[in-house]
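Below: one structure, written as structure tokens.
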């Protein structure tokens with residue numbers, strides 16, 4: 001009976017640890033994606049505010065510089081001659097595995113730039129949103145790391161008791 | 001891509017389809033597309049302006065779409081020219097803009113009420129009779145839409161290919177139609193093009209750095225353009241320029257008159273339209 005209880009407790013702790021690790025990995029990936037997107041937004045800002053390249057040309061640049069984040073972006077140019085830029089850009093972002101809020105911030109950036117808003121202001125707003133999102137993810141990641149460590153420690157303790 | 005195709009590609013959906021559906025004969029004589037808010041889209045030919053088929057009136061979204069296509073969704077990149085009331089698109093297509101202007105920031109989406117899309121033409125050989133050597137400083141005169149830029153472009157090409165070093169101030173980018181590192185029109189083997197810079201500034205730079213034998217520029221309109229002409233003439237450089245003028249009468253614009261009195265230009269070419277043909281009248285001073 002006692003062995004059954006101990007095995008039960010161990011199973012609960014193992015599954016808790018497993019799911020904790022899974023959530024932690026997913027948060028970590030999401031934070032890495034966000035870091036990549038923030039780098040991409042900085043790159044976009046240089047291209048647009050200094051080089052004054054068009055948003056059509058930017059899609060090619062994004063695919064070349066950030067192939068993992070923006071694959072197939074240069075193919076959007078053809079679609080952009082058929083439909084409004086903001087709609088084509090939003091559809092593309094919706095299909096990318098980006099955090100939802102980050103995709104929304106990028107879509108909004110595209111809308112603001114294509115309708116003639118002042119680019120520096122638009123980039124400031126987008127970068128601020130992305131950085132706030134990243135800070136939030138980092139905080140959750142930290143909390144989850146602590147949870148995983150706690151569960152791991154408990155599992156270790158129970159195993160040790162059993163072995164002894 | 002022809003000038004007509006480049007211009008028609010900037011039209012929104014149904015209007016573009018209608019433009020491409022026009023018979024070849026009409027397309028060949030098309031000079032402009034005009035889109036005015038609440039009015040039916042129209043096309044200008046040598047016979048005047050007429051509606052483009054039976055299309056519904058232009059709505060705000062149509063005008064915004066034209067601006068988006070012309071700037072490749074990037075009004076920030078064309079802010080300087082938009083402030084002056086125009087945008088130059090791919091292929092040297094110039095769009096004149098009208099509407100509610102925001103001081104200091106040109107136009108944004110939603111504030112346009114009219115767009116005039118000029119169809120650029122390259123008429124090779126039209127300047128043949130006027131490109132003889134030695135080349136005299138020449139001023140081309142005609143009312144708007146008379147074909148000044150077309151004649152200037154061909155004259156630049158011919159003189160350049162005959163061996164003269166030409167420096168071309170292409171403020172609006174419609175003479176050479178420069179786009180992403182290349183030129184849409186042939187402006188000759190020995191032509192150096194400075195685009196998107198104000199004429200006076202461009203003239204000073206070209207005189208100092210490119211040692212031209214001929215300085216070419218389009219549309220002398222302001223006093224500073226006239227100053228640029230004087231400066232070039234003072235440096236011993238020949239001039240080739242255009243200006244708006246009523247070629248039927250004898251009245252010339254105030255900017256041009258002193259330049260003629262000072263003999264900065266020694267030859268005038270007046271362009272007169274006769275239906276879809278242009279007649280050129282040469283006058284030596």
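The values are calculated or read from the model by the stated rules, or taken from the named source; none is laboratory data. Here the structure is a predicted model, which is why all the values come from computation and not from measurement. Every residue, glycine as well, gets a Cβ built from its backbone with ideal geometry; the counts of neighbours run over all protein chains shown.
On the stretch given as the stretch B:87-107, residues that are modelled with pLDDT of 80 or more and more than 20 Å from residue B:30 (Cα to Cα) total 3.
Candidates A:38, A:6: the one that is surrounded by fewer than 15 Cβ atoms within 10 Å (Cβ to Cβ), in contact (Cβ under 8 Å) with a residue 12 or more places away in the chain and farther than 24 Å from residue B:179 by Cα is A:6. When residue A:119 is tested against (1) out of contact with any helix residue (DSSP H, G or I) (no Cβ under 7 Å at 6 or more places or on another chain); (2) under 28 Å from residue B:82 (Cβ atoms), just one condition goes unmet, and that condition is (1).
Counting residues that are within 30 Å of residue A:143 (Cβ to Cβ), which helices (runs of 4 or more DSSP H) fully inside the stretch A:1-80 reach at least 3?
Answer list for the stretch A:1-80: A:2-45.
Restricted to the stretch A:94-106, and to residues there that are crowded, with 18+ Cβ neighbours inside 10 Å and assigned to a helix (DSSP H, G or I), the residue that is nearest to the other protein chains (Cβ to nearest Cβ) is A:106.
Tallying residues that are closer than 15 Å to residue B:75 by Cα and touching a residue at least 60 places away in the same chain (Cβ under 8 Å) within the stretch A:113-143 yields 3.
So if I check each of B:6, B:77, which one is at pLDDT 90 or above, under 22 Å from residue B:195 (Cα atoms), within 14 Å of another protein chain (Cβ to nearest Cβ) and surrounded by fewer than 23 Cβ atoms within 10 Å (Cβ to Cβ)? Give the derivation first.
Details: B:77 fails: at pLDDT 90 or above.
After ruling out the rest, the residue left standing is B:6.
Tallying residues that are assigned to a strand (DSSP E or B) and in contact (Cβ under 8 Å) with a residue 12 or more places away in the chain within the stretch B:47-64 yields 2. Just the residues that are more than 25 Å from the chain's Cα centre (by Cα) and at pLDDT below 90, please, taken from the stretch B:15-60. Selection gives B:53, B:54.
A quick yes/no check of all residues on (1) free of Cβ contacts under 8 Å to residues at least 12 places away in the same chain; (2) more than 20 Å from the chain's Cα centre (by Cα):
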residue: B:178; (1), (2): no, no
residue: B:189; (1), (2): no, yes
residue: B:196; (1), (2): no, no
residue: B:209; (1), (2): yes, yes
residue: B:215; (1), (2): no, no
residue: B:251; (1), (2): yes, yes
residue: B:258; (1), (2): no, yes
residue: B:264; (1), (2): no, yes
residue: B:273; (1), (2): no, no
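Highlighted here are the strands (runs of 3 or more DSSP E) found entirely within the stretch B:128-237 that include at least 1 residues which are under 18 Å from residue B:93 (Cβ atoms) and within 14 Å of chain A (Cβ to nearest Cβ): B:191-195.
Is the stretch B:157-167 home to any residue that is within 30 Å of residue B:77 (Cβ to Cβ), in contact (Cβ under 8 Å) with a residue 40 or more places away in the chain, in the same structural domain as residue B:229 (by TED's automatic domain parsing) and out of contact with any helix residue (DSSP H, G or I) (no Cβ under 9 Å at 6 or more places or on another chain)?
Looking for residues that are within 30 Å of residue B:77 (Cβ to Cβ), in contact (Cβ under 8 Å) with a residue 40 or more places away in the chain, in the same structural domain as residue B:229 (by TED's automatic domain parsing) and out of contact with any helix residue (DSSP H, G or I) (no Cβ under 9 Å at 6 or more places or on another chain), one finds none in the stretch B:157-167, hence no.
Can you name every residue in the stretch B:27-36 that is touching a strand residue (DSSP E or B) at 6+ places or on another chain (Cβ under 7 Å) and either loosely packed, with under 14 Cβ neighbours inside 10 Å or assigned to a helix (DSSP H, G or I) (or both)? The one that is touching a strand residue (DSSP E or B) at 6+ places or on another chain (Cβ under 7 Å) and either loosely packed, with under 14 Cβ neighbours inside 10 Å or assigned to a helix (DSSP H, G or I) (or both): B:29.
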